[in-house]
1. Restricting attention to the stretch 73-82, report how many residues are over 18 Å from Ala119 (Cβ atoms) and crowded, with 19+ Cβ neighbours inside 10 Å.
2. Being open to solvent by less than 80 Å² (accessible area, probe 1.4 Å) and in contact with a strand residue (DSSP E or B) (Cβ under 6 Å, 6 or more places away or on another chain) is the filter here; which residues of the stretch 88-106 pass it?
3. State yes or no: is Arg145 at pLDDT below 95 and either open to solvent by less than 80 Å² (accessible area, probe 1.4 Å) or of a type outside the set (Val, Ile, Thr) (or both)?
4. Being free of Cβ contacts under 8 Å to residues at least 40 places away in the same chain and within 18 Å of Gly68 (Cα to Cα) is the filter here, so list the residues in the stretch 5-43 that pass it.
5. When you scan the stretch 81-111, how many residues do you find that are in a loop (DSSP other than H, G, I, E, B) and under 17 Å from His138 (Cα atoms)?
6. Please work out which residue is nearest to Ala22 (Cα to Cα), limiting yourself to the stretch 112-125 and to residues that are free of Cβ contacts under 8 Å to residues at least 40 places away in the same chain and part of a strand (DSSP E or B).
7. Mind counting the residues in the stretch 9-58 that are part of a loop (DSSP other than H, G, I, E, B) and open to solvent by 70 Å² or more (accessible area, probe 1.4 Å)?
8. Here is a list: Pro103, Pro60. Which entry is within 21 Å of Leu133 (Cβ to Cβ) and in contact with an Asp or Glu (Cβ under 7 Å, 6 or more places away or on another chain)?
Amino acid sequence: MKRNTGRSGTFNDSNVAKVFAAYPEDVRAKLMKLRAIIFETAETIDGVGPLEETLKWGQPSYLTTETGSGSTIRIDREKSDGRVAMYFHCQTDLVETFRELYPTQMEYGGDRSILFKVATRIPENALRHCVGLALTYHARAKSLRKTRRLRRTRLRRRKKQSG
C-alpha cells in the first residue's frame with residue numbers, strides 16, 4: 001500500500017474525494033488541514049506505518065490497517081452547528097486523555113471528538129500530540145499489557161523464592 005502524504009491534496013479513494021468535494025470551501029479547507037496533520041503526524045512516528053484513507057459512516061477515516069498500531073480517526077463537519085470535528089472511538093479513553101492534557105486549548109464533544117470552529121486557528125502542536133496518541137493507541141495498550149504480564153511473572157518468581 002502506498003502511503004498518501006495528504007500534502008498534495010490528492011486522494012487514492014475516489015469516494016473520499018467526492019465527500020471532500022461536497023463540503024463548502026471553508027469547511028473543506030479546514031478538513032484538508034486536519035487531514036494533512038493526520039498524515040504528517042503518522043509519518044513522524046515509528047511503527048504506525050502507512051495510513052488507509054477510506055469512508056466509515058460516510059466520513060473520511062484514517063486507519064493504521066497495516067500495523068494495527070492505532071485507533072481509527074474520522075473527520076467531518078458537525079451537523080448541528082457547522083463546526084469541524086475530529087472523531088475518535090468513544091470506547092477508548094483518548095478524548096478523556098486529551099481533555100486532561102489540553103483542557104483549554106481545544107473544545108471537546110463528549111467522549112468522542114475534538115471540535116474546531118471553521119474560522120479559528122487549529123492548535124497544531126496539541127492536536128499533533130493527540131493524533132499521535134490515537135495512532136499509537138493499540139501499540140501502547142499492547143506494550144502496557146506486556147509490562148503488566150512481566151511484572152506478574154516476576155512477582156510469582158519472588159514469592160516462590162521466598163516461600
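1. Here is the first cut: in the stretch 73-82, the residues over 18 Å from Ala119 (Cβ atoms) are 73-74, 79.
Subset that is crowded, with 19+ Cβ neighbours inside 10 Å: 73-74.
So the count comes out to 2.
2. Within the stretch 88-106, Leu94, Val95, Met106 qualify.
3. Numbers: at pLDDT below 95: yes; either open to solvent by less than 80 Å² (accessible area, probe 1.4 Å) or of a type outside the set (Val, Ile, Thr) (or both): yes.
Here the answer is yes, as Arg145 does meet what is asked.
4. Scanning the stretch 5-43 gives a single hit, Phe39.
5. At the first step, the residues of the stretch 81-111 found to be in a loop (DSSP other than H, G, I, E, B) are 81-83, 89-93, 102-106, 110-111.
Restricting the remaining residues to those that are under 17 Å from His138 (Cα atoms) gives 89-93.
Final tally of qualifying residues: 5.
6. Residues of the stretch 112-125 that are free of Cβ contacts under 8 Å to residues at least 40 places away in the same chain, as a first pass: 112-115, 117, 120-121, 123, 125.
Add one more test, that the residue is part of a strand (DSSP E or B), and what stays is 113-115.
On the way: Ser113: 22, Ile114: 22, Leu115: 20 Å.
Within the stretch 112-125, the match that is nearest to Ala22 (Cα to Cα) is Leu115.
7. Looking only at the stretch 9-58, we keep the residues that are part of a loop (DSSP other than H, G, I, E, B), and these are 9-13, 23-24, 45-51, 57-58.
From what's left, open to solvent by 70 Å² or more (accessible area, probe 1.4 Å): 10, 12, 46, 57.
Counting residues in the stretch 9-58 that are part of a loop (DSSP other than H, G, I, E, B) and open to solvent by 70 Å² or more (accessible area, probe 1.4 Å) gives 4.
8. Exactly one of Pro103, Pro60 is within 21 Å of Leu133 (Cβ to Cβ) and in contact with an Asp or Glu (Cβ under 7 Å, 6 or more places away or on another chain), namely Pro60.
The values are calculated or read from the model by the stated rules, or taken from the named source; none is laboratory data. Here the structure is a predicted model, which means the values were calculated and not measured. When we count neighbours, we look across all protein chains shown, and the Cβ atoms used for this are built from the backbone with ideal geometry, even at glycine. What goes into the accessible areas is simple: the full protein's heavy atoms, side chains included, and nothing from ligands, DNA or RNA. Shrake-Rupley method; radii C 1.70, N 1.55, O 1.52, S 1.80 Å.
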